[in-house]
Amino acid sequence: MKIDGSVALVTGANRGLGRAYARELVKRGAAKVYGTARDPAAVTEPGVIPIALDITDLGRVAQVARQCTDVSLLVNNAGVMKASTFIGAPDLDAARLEIETNYFGTLSMCRASAPVLAASGGGAIVNMLSVTSFYTNPFNASYGASKAAAWSLTNGVRLELHHQGTLVVAVHASFIDTDMAALATNVPKDSPESVARQVFDAVEAGQIEVLADERTRTVKAALSRDHELIYPPIQEFWDAAVAGTS
Ligand SMILES: NC(=O)c1ccc[n+]([C@@H]2O[C@H](COP(=O)([O-])OP(=O)(O)OC[C@H]3O[C@@H](n4cnc5c(N)ncnc54)[C@H](OP(=O)(O)O)[C@@H]3O)[C@@H](O)[C@H]2O)c1
């Protein structure tokens, strides 16, 4: 689909990658860009229409779908990462928040938007996933589980919406230079602008998957040999971290 003239809605458009998505859409000539955020006053990108939305609030998700009936491109960007382990976390709060936001929030947005996109002639959904959809890292284990679930839902939503001509794009990335990755130092990071450009190039080309950086491409290519190629170095690093020597 063409971005020029489209009507887009970006969740979490107040900062980080969501803000870069909104800016790139304006730059590419989208007719309208709705930028949603829990605090709409924080959506300050020029040319973007602020909308209040917590994606975990089902009633509000439905209201926004009724309000924004002209949307042809949904960008499910909003997400949360609590850097929480499976076993060492004090309780299930982080894991529940991540699954509630990254999986159920994304799923709710897809469900509410499906008829709106159908009315626009099909349109497109972009789901912001992660390299951790493909493997588990103990440093953000429950986040990875929520992104794996969101990857599964992305593949399923693509199958279910094929009949109405909706393009469903899965975006996987390693570190991106935003608040979420601030704790990761001395690692290569993609710029949010680079990810946004790749994603809308893919939407315009009708591609269903974006692997945004070399690490993500390497991990996906190694999936069939994950226990040989992916997990041993992570195990070594984690064991050293637990022993306090990394
Ligand atoms: N940064 C990375 O290294 C990286 C890598 C791969 C994938 N991702 C994914 O990229 C997406 C954007 O992340 P980011 O890097 O831009 O992180 P960020 O700077 O932490 O921004 C997260 C955004 O999501 C919003 N959000 C969180 N929970 C929400 C909710 N319940 N309802 C509505 N909005 C909510 C935040 O709003 P508030 O301002 O209200 O908190 C914020 O706008 C996420 O899905 C993330 O998982 C990030």
Averaged per residue, the 1.4 Å probe accessible area of the chain, protein heavy atoms only, in Å², is roughly 48
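So which of LYS82/LYS189; LYS27/LYS82; LYS82/LYS220; LYS27/LYS220 end up more than 28 Å apart by C-alpha?
Details: LYS82/LYS189 19 Å; LYS27/LYS82 32 Å; LYS82/LYS220 24 Å; LYS27/LYS220 31 Å.
Flagged as over cut-off: LYS27/LYS82; LYS27/LYS220.
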Projected convex hull area of the range 120-185, Cα atoms, direction-averaged, in nm², equals 5.1
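For the range 91-155, what ratio Rg/Rh do Cα atoms give with a Kirkwood hydrodynamic radius? Could you put the intermediate results ahead of the total?
On the way: Rg = 13.4 Å, Rh = 12.5 Å.
The Rg/Rh ratio comes out at 1.07.
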What helix-only [θ] at 222 nm does the chain give? Using -39500 (n - 2.57) per DSSP H run of at least 4, over all residues, to the nearest 500, the answer is -12500 deg cm²/dmol
Cα centroid separation - the range 52-66 against the range 183-246, whole Å: 31
Taking a quarter of the surface of the Cα convex hull of the range 51-169, what do you get in nm²? 7.1
What's log10 of I(q)/I(0) for the range 190-246 at q = 0.27 Å⁻¹, Debye sum over Cα points only, no solvent? -0.99
What residue among VAL203, VAL171, VAL219 shows peak mean-square fluctuation when the chain is described by a Gaussian network model with Cα springs under 10 Å? VAL219
State the percentage of accessible surface on the chain attributable to carbon and sulfur atoms; use a 1.4 Å probe and exclude ligands, DNA and RNA. 55
Based solely on C-alpha atoms, express the radius of gyration and the Dmax of the range 127-246 in angstrom. 15.7, 54
Size-normalised alpha-carbon gyration radius of the chain, reference 2.2 N^0.38 Å: 1.00
Need the full-extension length gain, TYR231 to ARG111, defined as separation in residues times 0.36 nm minus the C-alpha distance. One decimal, nm. 39.7 nm
Listed highest first by mean packing, meaning other Cβ atoms within 10 Å per residue, what order do 25-35, 89-99 come in? 25-35, 89-99
Hey, can you rank 38-45, 120-127 by average C-beta count inside 10 Å, highest first? 120-127, 38-45
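The values are calculated or read from the model by the stated rules, or taken from the named source; none is laboratory data. Treat the numbers as computed from the prediction; the structure is a model and nothing was measured. Cβ coordinates were reconstructed from backbone atoms using ideal geometry, including for glycine residues, and neighbour counts include every protein chain displayed. Heads up: the accessible areas ignore ligands, DNA and RNA and are worked out on the full protein's heavy atoms, side chains in. Shrake-Rupley method; radii C 1.70, N 1.55, O 1.52, S 1.80 Å.
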